[in-house]
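As structure tokens, the structure follows; a few thoughts come after it.
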Amino acid sequence: MLNIQRFVVNPFQENCYIVSDSTGEAVIVDCGAFYPEERQAVVNYIRDNGLTPVHLIATHGHIDHNFGNDTIFSAFGLQPEIHSKDSGLMDRMAEQAMALCNYKMDNESIPAVGRLLADDDTVEFGNHKFTMLHTPGHTPGSVFFYCEEEKVAFSGDTLFQMSIGRTDLWQGSYADIMSSLMHVSQQLPAETTILPGHGPQTTMADELRSNPYLK
């Protein structure tokens, strides 16, 4: 069984998730922790629960999902893992921070990408694994991370409760995101719990029934 802890962080109210199982191994999904107290809360949760984080993964390369990567690297030695098609965004973290938040990042503190993921790669930890589903549209390298055993998917900014991610940012594509949504809605079971990058969780069944973009 997965233990999933959500932290709502940074000025964009992004969802950072710590996912662990009975082995104590953990995966950090989208560490957007920005303020010092948010960064410390994530680190404290991991340490207080005796967890061993083995992966830091990102659903895409926007800064609001990656503010806290330096903290995770400093505390646990993990480098971010991301789809190869978002590597360009990861190289522009400081530029994104200035453009979106007027915040100056120290380039030397930003950890390099540790692993570039390709379509259908897996991320393994403890007794579980996530399969990566490439879902371009919000960004070229946007992905879902799906745990088939638990029927849980982390959708990043591709799918929200009754909405979808923006496509008017760098290399976004409405046509691509609609194609991605069609693909995942056919591939994931209706009972799949969707844990998005912003906002409350939902299910694939609810989105198929009520989300106007999935009609």
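Points to keep in mind about this one:
- Residue satisfying all of: in the stretch 180-215; touching a Phe, Trp or Tyr at 6+ places or on another chain (Cβ under 9 Å) and β-branched (Val, Ile, Thr); farthest from His134 (Cα to Cα) among these: Thr202
- Note on the stretch 157-210: among residues that are of a type in the set (Gly, Ala, Ser) and under 23 Å from Asn3 (Cβ atoms), the one that is surrounded by the most Cβ atoms within 10 Å (Cβ to Cβ) is Gly197.
- All positions within the stretch 26-52 that are hydrophobic (A, V, I, L, M, F, W, C), free of Cβ contacts under 8 Å to residues at least 40 places away in the same chain and either within 26 Å of His83 (Cα to Cα) or surrounded by 23 or more Cβ atoms within 10 Å (Cβ to Cβ) (or both): Ala33, Phe34, Val42, Val43, Ile46, Leu51
- Of the residues Ser22, Ser74, the single one that is of a type in the set (Gly, Ala, Ser), surrounded by fewer than 24 Cβ atoms within 10 Å (Cβ to Cβ), assigned to a loop (DSSP other than H, G, I, E, B) and modelled with pLDDT of 95 or more is Ser22.
- If you go through the stretch 75-106 and keep only what is farther than 28 Å from Arg47 by Cβ and not hydrophobic (A, V, I, L, M, F, W, C), you end up with His83, Ser84, Lys85, Asp86, Ser87, Gly88, Asp91, Arg92, Glu95, Gln96, Asn102, Lys104.
- Considering only residues in the stretch 77-95 that are assigned to a helix (DSSP H, G or I) and under 17 Å from the mean Cα position of the chain (by Cα), the one that is nearest to Pro11 (Cα to Cα) turns out to be Met93.
- Among the residues making up the stretch 131-174, those that are touching a residue at least 24 places away in the same chain (Cβ under 8 Å), farther than 15 Å from His60 by Cβ and either charged (D, E, K, R) or touching a helix residue (DSSP H, G or I) at 6+ places or on another chain (Cβ under 8 Å) (or both) are Glu150, Lys151, Gln161, Met162, Ser163.
- Filtering the stretch 175-215 to residues that are hydroxyl-bearing (Ser, Thr, Tyr) and either under 13 Å from Ser142 (Cβ atoms) or touching a residue at least 60 places away in the same chain (Cβ under 8 Å) (or both) leaves Ser179, Ser180.
- When Lys104 is tested against (1) surrounded by fewer than 18 Cβ atoms within 10 Å (Cβ to Cβ); (2) not in a loop (DSSP other than H, G, I, E, B), exactly one condition is not met: (2).
The values are calculated or read from the model by the stated rules, or taken from the named source; none is laboratory data. Quick caveat: nothing in here was measured; it's all calculated off a predicted structure. In this analysis, Cβ positions are derived from the backbone assuming ideal geometry, glycine residues included, and neighbour counts consider all displayed protein chains.
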